[in-house]
Structure formats: structure tokens, C-alpha cells
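The values are calculated or read from the model by the stated rules, or taken from the named source; none is laboratory data. Owing to the predicted nature of the structure, the values given are computational and were not obtained by experimental measurement. Cβ sites come from the backbone with ideal geometry, for glycine too, and all protein chains shown count toward neighbours.
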Amino acid sequence: MANSSIQAVIESARPIHWAKNLSIFAAVFLTGLFFEPFYLTKVIWGFFAFNFATSATYIVNDLFDLKKDRLHPTKKNRPIAAGRLSPPLALFEAFVLASIAVFIASSLNYLFFLVVVGYLIMQFFYSFALKRVAIIDILIIATGFILRVYGGAFIIDAHLSVWFLLCVVSTALFLASGKRRAELNLIKETNTLTRESLTHYKKELLNSYVTMFGNASWMSWALYTFFESPRASLPVWLTLSELSRTTTIDKLLMATVPVVIFGIMRYESLIFEGRSEVPEKILLTDKALIVALTLWVALVYWILYSGVSITGV
């Protein structure tokens, strides 16, 4: 009995969703500070702070959605909806997790503390009412992704260019609109409405959102790599530039653009198949996306950390 209760407590925190919080490492990775123990340790603590904060908001959301989740084909199996975790215990768990998150955040950086508190407040109002408002619900989901990335930047006091900001915003809106598009498919398959805001979305509208933000994502990343690439320094690049202006290579980060385009194309195909309701699960299970993400990380690492360029971004 005790083991089942502990399992329910863990499940209600949805640790698989912590994969989304890995975006907090974006700033320390792209600024070339990933292997600096001082900065990396702070970001790791920030990662755990966001893990606890997001888990707290998931539990609160499940409490608000208790009746609707029991009608959902998969959400009905969640601990609270299934009756394996009582609402009072779930509320206590959410309070403890949120308190730990705020405590860790306050010890790292004042601005990061404000990000975590702001995230908790925003998610409470989202669960309470705003998730039922079309467009606003997508904007709030996207804002959650943006706060993760910039929370990581606040922790290490890093500068991120406006192009990267545009990339983060576009990608966040792409993921959020893709999530809603997949949920719309699920309604047609199960003939069950579990999210009120979906009644205000037409398939064509969400298709246009996905296409628009998908295009904006790779284009803003392309602009970021063009304007923020470090200078190539290996003799081979210098030799090529002396042979001809045509073979000059000084924007190495742009080598990642085709990988990003492939990743977005693959994710869009999953969206229109209705398989992106849980983005973090797709990113962890789809082989093509895993390969694309691994290649992207490897290329960025090679360019920023292996010595082929003069300085980091």
C-alpha cells in the first residue's frame, strides 16, 4: 500500500515532462560556458528548481481538471483522476514542490527567482481559467518555454541576442500550436471533448499556426547562426578563403540549419498525424527526432568547444 502511494506521488509529478526543462541549459551551452563548473552547477540547480515548479503546476492542473480527466482516454489513468492519490495529499505535494522550487531559485539569482515565481503564478491562472481561452492558452504554453530558456540565461547573467529571442519565441509557439493541433485530432478519434478552448479552434487555423511558426523557427535560427557565428580559425578554413571568396567559410554555425529544418519538418509530420499532444514524449521516443537533436548538439559542440573557431558565441 505504501509503495503504491509513493508511486502515485511520483507519477503525479510527471517526471517525464522534466525533459522540457532541459531548455534551461541553452544559454550556458550556446555561450561556451558549459564546461565551466561554477556556471554549470548553478544551471543544474536551476534545472531542479524548474522541475519542482513544473511538477507543482501539473498537480494543480490535475486537481482543477479532475472531472474532465476522468473522461479522457489517457488522462483518466493519472493518479488523481484514477483515485490513487487523494486531492488533499496532492495539494500538499504541490505546495511542498513549489516551496522547494522557490527556495532554490531564491538562492541562485533574484531575476531567476522572479522567473520561477512568475511561472508558478501564470500556470495557476492558466489552470484556473485561461486555458479555456483560445489563443491565450497557446501564448501561455509558449511563454512557459521562453521562461525556461531565459531563466537559464538569468542564472549565469548571459547575453542572448535578439535573434535567439526570436528563435525561442517562434519555437515555443510552434510547439504550443502543434500540441493543440494534435489534441484536435484526438477529439475526432475519441469523440470526446476534454479542453474547452478547442471548440474555438478550426483545423485550418491551427494548421496555419503550425506552418507559420515552424517557418519562423528555422528562419530565426538561420539568422542567429549568421549573425552570431564565431570566426573560423583552423588553417583549412583560412586556406579555403585564400583560394577564392566563393569558398570562404566563416559562418560555421550555419551548418546546423539543415538539421533544424529536418527536425521541424519531421515534427510537423508528427503534428498532422496527431502524435504531438505530449511534445517531450515525442522528443524522447521518435528516432528521427532523436538523431536530429543529437546531430545538432554534436555540431554546435564541435563549433563552439573543439577549437575550430576563435571564440564562443
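When we screen 237, 218 for residues that are at pLDDT 90 or above and of a type in the set (Phe, Trp, Tyr), the only hit is 218.
The listed residues are 23, 12, and the only one of them that is closer than 27 Å to residue 112 by Cα, touching a Leu at 6+ places or on another chain (Cβ under 6 Å) and in the same structural domain as residue 129 (by TED's automatic domain parsing) turns out to be 12.
Where residues in the range 196-211 are surrounded by fewer than 17 Cβ atoms within 10 Å (Cβ to Cβ), modelled with pLDDT under 85 and not hydroxyl-bearing (Ser, Thr, Tyr), which of them is nearest to residue 264 (Cα to Cα)? Step by step, filter the range 196-211, then rank; the result is 203. Specify which of the listed residues (91, 66, 40) is over 18 Å from residue 141 (Cα atoms), under 22 Å from the mean Cα position of the chain (by Cα) and surrounded by fewer than 18 Cβ atoms within 10 Å (Cβ to Cβ). It is 40. Filtering the range 92-142 to residues that are within 29 Å of residue 178 (Cα to Cα) and not in a helix (DSSP H, G or I) leaves 129, 133, 134, 135.
So if I check each of 156, 140, which one is buried (at least 20 other Cβ atoms within 10 Å of the Cβ), among the β-branched types (Val, Ile, Thr) and at pLDDT 90 or above? Explain how you work it out, then say what you get.
Working: 140 fails: buried (at least 20 other Cβ atoms within 10 Å of the Cβ).
After ruling out the rest, the residue left standing is 156.
Can you say whether residue 46 is within 30 Å of residue 253 (Cβ to Cβ) and either of a type in the set (Lys, Arg) or assigned to a helix (DSSP H, G or I) (or both), as far as the supplied structure shows? So residue 46 passes the test.
So for the range 62-77 (the condition being modelled with pLDDT of 95 or more and among the polar types (S, T, N, Q)), does at least one residue qualify? No, the conditions are met nowhere in the range 62-77.
Cβ-Cβ contacts under 9 Å between residues 6 or more apart (or on different chains), taken from a first residue in the range 90-117 that is touching a residue at least 24 places away in the same chain (Cβ under 8 Å) and more than 11 Å from residue 50 (Cα to Cα) to a second residue that is crowded, with 17+ Cβ neighbours inside 10 Å and acidic (Asp, Glu), are listed as 90/62.
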